[in-house]
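The values are calculated or read from the model by the stated rules, or taken from the named source; none is laboratory data. Remember, predicted model here, so these are calculated numbers, not experimental data. As a convention, Cβ positions derive from the backbone with ideal geometry for all residues, glycine included, and neighbour counts pool all protein chains shown. Keep in mind that these areas ignore ligands, DNA and RNA; they rest on the heavy atoms of the full protein, side chains included. Shrake-Rupley method; radii C 1.70, N 1.55, O 1.52, S 1.80 Å.
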Amino acid sequence: MEGDQKVNSTSPAPEPEMMIEEWNGTSSTKLTKTATITSTSHSSISIQRSSNAFTHISQRILQAFVPEGYPTSVTPDYFPFQVWDSLQGLSTYVRMMLSTQALLSAIGVGEKSATVIGATFQWFLRDLTGMLGGVLFTCYQGSNLDSNAKMWRLVADLMNDLGMLMDLVSPLFPSAFVFIVCLGSLSRSFTGVASGATRAALTQHFALENNAADIAAKEGSQETLATMIGMALGMLLARLTIGHSFAIWISFLSLTMFHMYANYKAVCCLSLNTLNCERCSIVLSHFVKTGQVLSPKHVSSMEHVLPLWMTSWNLKGGDSLYKQVRLGVRVSSLDSLAMVDLLQSAGSHYKKEKYLLQQKGGIIRIITHKDSAGADILQSFIHALVMAKLDDQDGSMSSESQSWMDKHYEVFVLKLQSSGWKTERLLSSSVVWRANWLVDYSDGKHD
């Protein structure tokens, strides 16, 4: 008995039960348990599946259209923007079938009298006009697309609507067919440049985890899906309305109105955290009044998204203080009195700054130094806004604005950063005119 008790006391302890869970997903907050693996001994393993094949396949399909890590990997305005953007893209491809049908009919497709060389030449002129228009538009407005991404997004789609309208109208004027289709191609070339540039800016805005490439790839998948659905619906609509001009025009105009509405709603969803001229003016005016900085989401509801010539139609309030500021003024364009005032201010108010301000007739002109960086340009613009703001209130001179900058500028920038704003630079048109100044004192030193 004693021997049996001794053997029992030295027998090995039972092996613990081991369990491993298998999870699937691209985000730590969006994981799904797919299996549980349990081991009770070296030779006993059980696997229990937690999800069916349909769920797994649906998740794989969704990953082709949604950025990895969604929704934490993108900004909150990504989803509403993509919904409206997909809807406007869908309406575009439906209308494209109608306009393309009209264009091919005008070229002579299906008619015995039409020649291949004639149709080819007309198509060549159409494409050539569009290519030249795209290059000219880039030269004229390329540097301004970042600073007003919302506005140019709307303008791009408006120009696309005009281009398709030209294609639809072209069969009605056979004698001016080439001229009309070239105008349409020119209009669409502006769309290609503006839409591509603003899309790149918005992709950078959406990317929270340096995943701009992934967002762009998923945007391509979403656009492809919208294209396929839109083309299928467009072919159906073209089939139903063939030979009925009134029905074609009603369908086209109705879809165009919806397209414009969807685009407007899409850009209104955006809460951009970069500072352009108008957003900077809105934030500064509120800070001067209250000492607080508005969030990007709040400012997005106050800024204008329509072009300036349509500002009177926009019912939303905004701040027009930035319209009093001229950034990157050419020194030689100033008159002699303004130059004298500028030289005096260089030796008094702006010894340490890389910009000069000159005020005349309610307009603040900014002359930037040749070595000024992005932060210097942002500071110069804020200084000019302060000068305009103080002048509106009590006619203060430049010394008042300089005192405000010395006291509040650093606090203002810190509050901007804590509210989510990017303060590395000001999004504006390219500053192509700069200057260099030296202040000569009696002791021979230069500043």
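Of the solvent-accessible surface of the stretch 77-270, computed with a 1.4 Å probe and all protein chains present, 73% belongs to carbon and sulfur. For the pair residue 124 and residue 225, the difference between a 0.36 nm per residue extended length and the Cα-Cα distance amounts to 33.4 nm. Averaged over its residues, the stretch 77-270 has an accessible area of 50 Å² per residue, based on protein heavy atoms and a 1.4 Å probe.
Does the stretch 77-270 classify as rounded, prolate or oblate by the C-alpha gyration tensor (a ≥ b ≥ c root eigenvalues; a/c under 1.5 gives rounded; else a/b over b/c gives prolate, otherwise oblate)? Could the numbers behind the result be given before it?
Working: a/c = 2.22, a/b = 1.54, b/c = 1.44.
Prolate is the answer for the stretch 77-270, as a/c is 1.5 or above and a/b outweighs b/c.
For the stretch 176-296, just say rounded, prolate or oblate: build the C-alpha gyration tensor, square-root its eigenvalues into a ≥ b ≥ c, call rounded for a/c under 1.5, and beyond that prolate if a/b exceeds b/c, oblate if not. Prolate is the answer for the stretch 176-296, as a/c is 1.5 or above and a/b outweighs b/c. Label separation (residue 58 vs residue 436): 6.7 nm, computed from points 7 Å beyond Cα along the C-beta direction. Rounded to the nearest 10 Å², what accessible area does residue 155 have for a 1.4 Å probe in the complete protein model? Its accessible surface works out to 30 Å², give or take rounding.
Note on residue 326 and residue 302: with the Förster distance fixed at 25 Å, the Cβ-Cβ geometry gives a FRET efficiency of about 0.60. Label separation (residue 23 vs residue 403): 5.9 nm, computed from points 7 Å beyond Cα along the C-beta direction. Between residue 65 and residue 83, the simple spin-label model (points 7 angstrom out along Cα→Cβ) gives 1.4 nm.
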